[in-house]
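Taking it in order: structure first as structure tokens, then the write-up.
Derivation of every value follows stated rules applied to the coordinates shown; laboratory data play no part. The structure displayed is predicted, hence computed values, not measured ones. Neighbour counts are summed over all protein chains in view; Cβ atoms, including those assigned to glycine, are modelled from backbone coordinates with ideal geometry.
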Amino acid sequence: MTDGADRPQQIGPYRILDVLGEGGMGTVYLAEQRAHVSAGHDNTLGILRAGAYNTFGAGCPGSAGMTHLEATTLPRVGATMTVRVEPLPLSVAVMINGLSNVSWATAPLPLDLSPLGLTNCWLRVSLDANHALIGALGSATYSLAVPASAALAGFILHQQALVLDPAAGNPSGLVMSDAATAVVGL
């Protein structure tokens, strides 16, 4: 086993036994699940060290162009993830947080929003939690505090912003940003 001074002793239900490998993106641990300690079952557990934030679907352009989501601070256990949303024609948006990018209720994602007046726009994340964003100078910031619990490492959250844009040229005066996936790291 490697020197355990820098590794966690426990991650969620797993007791860490050894480090199998490390790289710039994360660490792979040999772990033992608490429920199976007597049976001696070992598991391999991979954890992203820094967390991740990646876009996976395009938005629809508005009067100021395509609105993008960009993490300025990555999601990490015990830290606050911040996401910049820009450009915003009126500096106003709603951040949609979803646990899925595959389905929402009984509807498959992505969902075409054209029938609702958002011409050529797609909903790419489930509507599980929504937060109003009010910014300034064409930009807004969304912040999410990640609790200091190692059990949250690897948690996945999908995001997309609904943008108020009366000059967008569609019946609703709304457009959608690109969509992104956040993965909580240690």
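Starting at the first residue of region 128-139, write each ³J(HN,Hα) from the Karplus equation 6.51 cos²θ - 1.76 cosθ + 1.60 with θ = phi - 60°, in whole Hz, x for Gly and Pro.
For region 128-139, the Karplus-derived couplings read 9, 8, 10, 9, 5, 10, 10, x, 7, 6, x, 8 Hz, x marking Gly and Pro.
For region 52-183, what class follows from the C-alpha gyration tensor (a ≥ b ≥ c being the square roots of its eigenvalues): rounded when a/c is under 1.5, otherwise prolate if a/b is larger than b/c, else oblate? Let's see the in-between values first.
Details: a/c = 2.42, a/b = 1.40, b/c = 1.72.
In terms of gyration-tensor shape, oblate.
Check which residues have an amide H placed less than 5 Å from Thr119's amide H, if you skip close sequence neighbours.
Ser172
Rank these for me by crowding, Leu109, Leu123, going from fewest to most other beta carbons within 10 Å.
Going from least to most buried by this count: Leu109, Leu123.
Once you list every other residue whose beta carbon is under 12 Å from the beta carbon of Gly138, what net charge do they have if Lys and Arg are +1 and Asp and Glu are -1?
Working: positive: Arg84; negative: Glu86, Asp165.
That sum, taken over residues with Cβ under 12 Å, equals -1.
Only sites in a loop by DSSP and with at most 12 other Cβ atoms within 10 Å count here; which chymotrypsin sites (Phe, Trp or Tyr not before Pro) in region 112-186 make the cut?
none
Neighbour counts of other C-beta atoms within 10 Å: give me Glu32, Glu86 arranged from fewest to most.
Glu32, Glu86
Report the FRET efficiency, 1/(1 + (r/R0)^6), for Glu70 and Thr119, where r is their Cβ-Cβ distance and R0 is 35 Å, rounded to 0.05.
That pair, Glu70 with Thr119, gives E of 0.90.
Take Cys60, Cys121 and order them by how many other Cβ atoms sit within 10 Å, fewest up front.
Ranking Cys60, Cys121 by Cβ neighbours within 10 Å, fewest first, gives Cys60, Cys121.
Could you calculate the FRET efficiency of Ala132 with Val102 from 1/(1 + (r/R0)^6), where r is the beta carbon distance between them and R0 is 30 Å, rounded to 0.05? Before the final figure, lay out the partial values.
Working: r = 26 Å, r/R0 = 0.87.
Here the calculated transfer efficiency is 0.70.
Can you give me the long-range amide H partners of Gly51? Hydrogens built in the peptide plane at 1.01 Å from N, cutoff under 5 Å, separation of 5 or more residues or another chain.
Result for Gly51 returns Gly185, Leu186.
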